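Worksheet: one structure, shown below.
The values are calculated or read from the model by the stated rules, or taken from the named source; none is laboratory data. It should be emphasised that the depicted structure is a prediction, and the values quoted were computed from it without experimental measurement. Note that each Cβ is placed from the backbone with ideal geometry, even for glycine, and that neighbours are counted across all protein chains shown. These area figures cover heavy atoms from the full protein model, side chains too; ligands, DNA and RNA do not enter into them. Shrake-Rupley method; radii C 1.70, N 1.55, O 1.52, S 1.80 Å.
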Amino acid sequence: MSLKEFTFGIGDTFQRVSLPEEHISDIMEGKHIPAADVKQATLNCMRHPIGSKPLRQKVQKGDSVCLVVADVTRTWNKSSQFLIYIINELNDAGIPDSDICIVFAQGSHRAQTPEEDERVCGAEVLQRIKTYQHNCQDPTLVNLGKTKLGTPLKINKHVVDADKVILIDGITIHLFAGYGGGRKLILPGVSGYETIQRNHCHALAETIGGGVNPHTRATVLDHNPLHDDMIEACRMINPCFLVHSVINADGEICRMIGGDWHDAWLEGTREVFTIQEVPMKQKTDVVFACAGGYPNDVSLYQGSKCYDPAEMAVKDGGIVIAIMEARDIKEPPAYMGSFTYSSTEEMEKALRAKFTIPFFVAYKLFCFCHRCTVILVTRPENFADIRRTGQIPVATVQEAWDLAQQKLKEQEKTEYTINIMPHCTKIVPILQDHS
């Protein structure tokens, strides 16, 4: 038997394991995309936009302009690097700083600290532009009626009252909205609590016991009711422009997208997919899914992005070996505190009663662990917490592989297959059509 050695990052260290080469189907790594000149890319996307006239022609002197900016939980988008160029472009179009405001698209998140405001905007922007923290419980939210799906629309007053609205964020894959950014800046970004709850519950099947809605998945937009609901809400505001970043595997801005709030964003999702898609020959019996080390695996919640690509790459009932240190295993408490249920049905009922993103992410993992065997390589002090999630904790990749081999033997599988994803949070495995 020919063996091939693989190295996986876990925290600040590495672990190695030798695997039988003849059983390996695919080794999936992301593409290298070079970083962009951020200033030039931002100016180009505003002056040569997608599906729109240039930004300078979309506003005019006397307009009040509201920039809806993604909050501190999205600072991976590097908005502090390009927001200043948008404001300067508005100035050149005749819009003074005094006619511009920023509303942070916090959804149901807490208000930001001054330090967090600076992380989002940069120091100069904060000195020049007035900012508002969105509060989803604010009694001054404006009632705009209901969507076709019955979602009551209450939106931030500063956004509704502005003459022109511009959406500022980055585009990435999203676990149930298909992709982040764009219309998400309005719903959930600047929406009321009930609006957010009703919209997000579309991530669950229509009937209790149905689990996760199969149409609300990463990269899926067609027939995704949650996405459709967000689009309808955004259309009521009808932002005049959008500026979004696209981030490479090294966390750098590699593209800037500007233009129509829908068409430019949609083109940006195609770019993200092109960057992250990795061809896959087949779903396999065993999948190695590594977060890629610190900071991607700083917590189980952060590293939870491992499970979606792993689910795409493993056979039903297969074995997943997830690899993440999770040194901050208790963070956030809302996520780890969700693993208190004895069955998926009990957990689903509680989630429907009070939907939150951490709770939903926990529920998805709990369901996944009931469909597949999930072995997690992590720190020994995490073992008790990990068992509550439904995963089997081990300390080393070798232990995980030994356990997987034992289970394969119990299943009498000798012709098993393996997929390997050393940095699986950066990729989307796509099954190739061999017909």
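Beta-bridge orientation, the chain: approximately 30 percent antiparallel, per DSSP, counting only bridges with both partners inside.
Counting Lys and Arg as +1 and Asp and Glu as -1, each charge on the Cβ, what is the dipole of segment 223-264 about the Cα centre in debye, to the nearest 20?
100 debye
Rounded to the nearest 500, the 222 nm mean residue ellipticity of the chain from helices alone is -9500 deg cm²/dmol, with -39,500 (n - 2.57) taken per DSSP H run of at least 4 residues. Each residue of segment 326-338 was assigned a 3J(HN,Hα) from its phi angle through the Karplus expression (A = 6.51, B = -1.76, C = 1.60, θ = phi - 60°), giving 6, 5, 9, 4, 7, 9, x, x, 5, 7, 5, x, 7 Hz with x at Gly and Pro. Think of the chain as a dipole: +1 on every Lys or Arg Cβ, -1 on every Asp or Glu Cβ, centred on the Cα centre; then among 20, 350, 294, 350 lies furthest on the positive end. Using the 1.4 Å probe convention, the accessible area of segment 141-208 works out to 35 Å² per residue with neighbouring protein chains retained.
Accessible surface calculations at 1.4 Å, restricted to protein heavy atoms, place segment 33-90 at 44 Å² per residue. Rounded, prolate or oblate, given the Cα gyration tensor of segment 314-416, with a/c below 1.5 counting as rounded? Since a/c reaches 1.5 but b/c is at least a/b, the shape of segment 314-416 is classed as oblate. The label point for residue 29 and the one for residue 143, both projected 7 Å from the Cα toward the Cβ, are 5.8 nm apart.
About the centre of its Cα atoms, the chain shows a dipole size close to 780 debye [charges on the beta carbon of Lys, Arg (+1) and Asp, Glu (-1) only; nearest 20 debye].
Taking every alpha carbon pair in segment 195-269, what does the distance histogram look like in 5 angstrom bins from 0, in percent? P(r) over segment 195-269, rounded to whole percents: 3, 14, 18, 19, 18, 15, 9, 4, 1. What size of dipole, in debye to the nearest 20, comes out for segment 170-287 about its Cα centre when the only charges are +1 on Lys and Arg C-beta atoms and -1 on Asp and Glu C-beta atoms? Here segment 170-287 has a charge dipole of around 120 debye.
At an R0 of 56 angstrom, the distance between the Cβ atoms of residue 115 and residue 414 translates into a FRET efficiency of 0.45. Taking a point 7 angstrom from the Cα of residue 208 along the C-beta vector, which residues in segment 352-387 have backbone N less than 17 Å away? Zone members listed by number: 352-355.
With a ≥ b ≥ c the root eigenvalues of the C-alpha gyration tensor of the chain, is it rounded (a/c under 1.5), prolate (a/b larger than b/c) or oblate?
In terms of gyration-tensor shape, prolate.
When a 1.4 Å probe is rolled over the protein heavy atoms, the share of accessible surface on segment 1-99 that falls to carbon and sulfur comes to 47 percent. Which whole-angstrom value gives the distance between the alpha carbon centres of segment 128-159 and segment 287-315? Value for the Cα centre distance between the two parts: 34 Å. A Förster radius of 51 Å, combined with the Cβ-Cβ distance separating residue 432 from residue 78, puts the computed FRET efficiency at roughly 0.95. Cα convex hull, segment 17-126: 202 Å³ per residue, rounded to a whole number. Charged neighbours of residue 355, selected by a Cβ distance under 12 Å, balance to +2 (K, R count +1; D, E count -1).
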